[in-house]
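Okay, structure first, notes after.
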Amino acid sequence: MKTITMTLCASVLLALAMPVQAAGDPKAGQLKTSMCAGCHGIPGWRTAYPSVYSVPKLGGQHADYIVAALKAYKEGERSHPSMKGIAGSLSEQDMEDLAAYYASSYSGPAN
């Protein structure tokens, strides 16, 4: 009985330790990146509108963070005009797909 209990406990712990996959589809997300690549696909890119700042690199970013950021732009909690317009056009599934793609596409540190 003790062996069965220990086996069950070990199985549960192993299942909890497995990484959780993003709800999105990385392959579908890759097909939706054209609106992102103009800024986020250029290493070291700096934008001048509405002010000068370095555009963050998305590859390798955590999927949950990307979804939360896109939702914040869509809901007006973040206030970059271009991002608000882009996020406003995205469905929840689009956000999940894009996040899954970028979370799986780390290509090294930004230059």
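The values are calculated or read from the model by the stated rules, or taken from the named source; none is laboratory data. Not measured: the values here are computed from a predicted model. Neighbour counts run over all protein chains shown; Cβ positions are idealised from the backbone, glycine included. Accessible surface areas use protein heavy atoms only, side chains included; no ligands, DNA or RNA. Shrake-Rupley method; radii C 1.70, N 1.55, O 1.52, S 1.80 Å.
What number of residues within region 87-111 are at pLDDT 95 or above, more than 10 Å from Gly60 (Cβ to Cβ) and either surrounded by 13 or more Cβ atoms within 10 Å (Cβ to Cβ) or not hydroxyl-bearing (Ser, Thr, Tyr) (or both)?
The total comes to 13.
Please count how many residues of region 27-61 are open to solvent by 80 Å² or more (accessible area, probe 1.4 Å) and touching an Asp or Glu at 6+ places or on another chain (Cβ under 7 Å).
So the count comes out to 0.
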